[in-house]
Amino acid sequence: MIFRRIIQDIKAITRNDPASKNIEFLLYPGLHAIFAHRFIHVLFNWHVPFFPRMFSQWNRFFTGIEIHPGATIGGGFFIDHGAGIVIGETAEIGDDCVLFHNVTLGGTGKHHGKRHPTLGNRVVIGTGATILGPVKIGNDVNIGANTFIYMVDIPDNCTVVGTPAVIVRKDGIKIHLKPLPTQLPADAIETEI
């Protein structure tokens, strides 16, 4: 299974990066980081002490990408220009997701157990976006650059931008939405006609 995921990760590079030529993808730090994480995560799941965390720190040193050994990452994961990415211990990332540089999938420091975001499948997160807390990001969600999502779930098929985050598109339809509170009131959505 681990090698099938690595093949999916390589295919994700050619699918998502038009600059990828020949075997240059072998030089991508995002590929190095996810490749190492796949093996480190196995050690973490086997409850091997100390070494998974040590290897993840080495991985961070060499790639500039910090992925906690406990993070669960689906196949077809692509990190573009990965410097500054942080993925927390209880983060879960679905299949075919894309993260650009300086993305944080972090915790708030106020939760125990599940503390980090869960991403659905085919989620694209732009440069500098920050998602904090045990939130759920649905399938086929696009999150704009420098968007800040704090403690609010995002439904499927949305485009989210801004600080604070605002849903600007749902199911392909432009919408006007007030900034997302910690709980979205039913009257917040106004459909544009």
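The values are calculated or read from the model by the stated rules, or taken from the named source; none is laboratory data. Everything quoted here is computed from the prediction, not taken from an experiment. Cβ: placed from backbone, ideal geometry, glycine included. Neighbour counts: every protein chain shown. The accessibility values were calculated without ligands, DNA or RNA, using every heavy atom of the protein model including side chains. Shrake-Rupley method; radii C 1.70, N 1.55, O 1.52, S 1.80 Å.
Among residues of segment 1-18 that are surrounded by 11 or more Cβ atoms within 10 Å (Cβ to Cβ), those with a Cβ under 6 angstrom from a residue that is among the aliphatic types (A, V, I, L, M), sequence gap 6+ or separate chain, pair up as Asp9/Ile34; Asn16/Val98.
Every condition in (1) more than 19 Å from the chain's Cα centre (by Cα); (2) free of Cβ contacts under 8 Å to residues at least 12 places away in the same chain is met by Arg53 except one, and the failing one is (2).
Residue under question is Ile131, and the condition is that it be closer than 21 Å to Ile65 by Cβ, in contact with a Pro (Cβ under 9 Å, 6 or more places away or on another chain) and at pLDDT 95 or above; does it hold? It is true that Ile131 is closer than 21 Å to Ile65 by Cβ, in contact with a Pro (Cβ under 9 Å, 6 or more places away or on another chain) and at pLDDT 95 or above. If the condition is being crowded, with 21+ Cβ neighbours inside 10 Å and farther than 14 Å from Gly76 by Cβ, then segment 26-36 contributes Tyr28, Ala33. Out of Phe78, Phe61, Phe100, one residue alone is open to solvent by 40 Å² or more (accessible area, probe 1.4 Å), touching a residue at least 24 places away in the same chain (Cβ under 8 Å) and closer than 27 Å to Leu27 by Cβ. It is Phe100.
Within segment 67-89, count every residue that is modelled with pLDDT of 95 or more, under 13 Å from Phe100 (Cα atoms) and among the charged types (D, E, K, R). Within segment 67-89, residues that are modelled with pLDDT of 95 or more, under 13 Å from Phe100 (Cα atoms) and among the charged types (D, E, K, R) number 0. Residue pairs whose Cβ atoms lie under 8 Å apart, sitting 6 or more positions apart in sequence or on different chains, and linking a residue in segment 106-123 that is under 20 Å from Ile143 (Cβ atoms) and free of Cβ contacts under 8 Å to residues at least 60 places away in the same chain to a partner that is open to solvent by 20 Å² or more (accessible area, probe 1.4 Å) and among the aliphatic types (A, V, I, L, M), are Gly106/Val86; Gly106/Leu132; Gly107/Leu132; Thr108/Leu132; Thr108/Met151; Pro117/Leu132.
Mind listing whichever residues of segment 108-163 are in a loop (DSSP other than H, G, I, E, B), open to solvent by less than 30 Å² (accessible area, probe 1.4 Å) and either of a type in the set (Lys, Arg) or touching a Cys at 6+ places or on another chain (Cβ under 8 Å) (or both)? Passing the criteria: Val123, Gly138, Val141.
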